[in-house]
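All remarks here apply to the structure that follows.
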């Protein structure tokens, strides 16, 4: 028998956050989240995204054992701007148990209907800036930070439940051969020769901070037509900066401004910290930060 319970206590929330590492314990490509970050994300007090949405968390149990989880989200601002009445399901995990899968989906569907929602889509979080979708191929590929890693049975179960593919997302691996690099260097030299732009390069994180507002203003203008995009508020800008800047190598950040100082382009190359995070099992303390720090140093040397 499957029992679905709404998450209402700190103990249940802890179960919700840490359940995926049990489900994926034999999944060699799965990458645990940074749990301090995860605990902050699911905190109504510390995550400003909760201010703009109705949310609910469910856990599925067989007996006393938690066997699945799901989050329901109604993004009011997005729904209003796009003229839809949509509930999203997200952070969806379960063992290979189709009944558990169906019951969790049904729980979000019922909750959404009680809030007058007419359609359901997912996996999708508060916005496009979170892990989204189920894997449909590439199951043997390593997982990158902030991307979903799901078993193939999740794709099978969602299709059997009557859901159809609505948006396809792609990740690309680009080999940086000498020919590719030479081509870009020549293009860069031609653009810089026009003296109509200013390229900013950095050696310290604090040098990046004055440009953050301009970067997110550009994101809000450029990404507005991407499915699921929600404009980043000033408060969320600060939260994203505090969350991700410590993980970035400032030497791998390039920001381009026009002659008036307006940000018109940027690129961020993020070091692959997955090896360190796996060794740390997603935990910074007591010693997990050491694995991540040395992985960061290794990337900087390379």
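Derivation of every value follows stated rules applied to the coordinates shown; laboratory data play no part. From a predicted model like this one, the values you see are computed outputs, not experimental measurements. Ideal geometry is used to build each Cβ from the backbone, glycine not excepted, and the neighbour counts take in all protein chains shown.
Observations
- Computed per residue of the chain from DSSP H runs no shorter than four, each worth -39500 (n - 2.57), the mean residue ellipticity at 222 nm is -11500 deg cm²/dmol.
- Protection proxy ranking, highest mean first, for peptides 68-80, 41-53: 68-80, 41-53, where packing is the per-residue count of other beta-carbon atoms within 10 Å, averaged.
- For region 85-134: rounded, prolate or oblate by the Cα gyration tensor [a/c cutoff 1.5]: oblate
- On the beta carbon distance between residue 18 and residue 153, with R0 = 22 Å, the FRET formula returns roughly 0.55.
- Distance in nm between pseudo-label sites at residue 79 and residue 128 (7 Å out along the Cβ direction from Cα): 2.1 nm
- A crude spin-label estimate for the pair residue 256 and residue 243, with each label 7 Å from Cα along the Cβ direction, gives 2.8 nm.
- Global form of the chain, assessed from the alpha-carbon gyration tensor, a/c cut-off 1.5: prolate
- Taking the chain as a Gaussian network of alpha-carbon nodes connected by springs under 10 Å, the highest mean-square fluctuation of the residues 96, 141, 182 belongs to 182.
- Gap separating the Cα centres of region 1-50 and region 227-259, nearest whole Å: 25 Å
- FRET efficiency, residue 10 to residue 235 (Cβ-Cβ, R0 25 Å, nearest 0.05): 0.55
- Cα shape, region 43-148, gyration tensor, a/c 1.5 rule: oblate
- With the simple spin-label model, which puts each label point 7 Å out from Cα in the Cβ direction, the residue 203 to residue 167 separation comes to 4.1 nm.
- Stretchable slack from residue 65 to residue 265, in nm (0.36 nm times residue separation minus alpha-carbon distance): 67.1 nm
- Potential extension, residue 179-residue 45 segment - 0.36 nm per residue separation minus Cα distance: 43.2 nm
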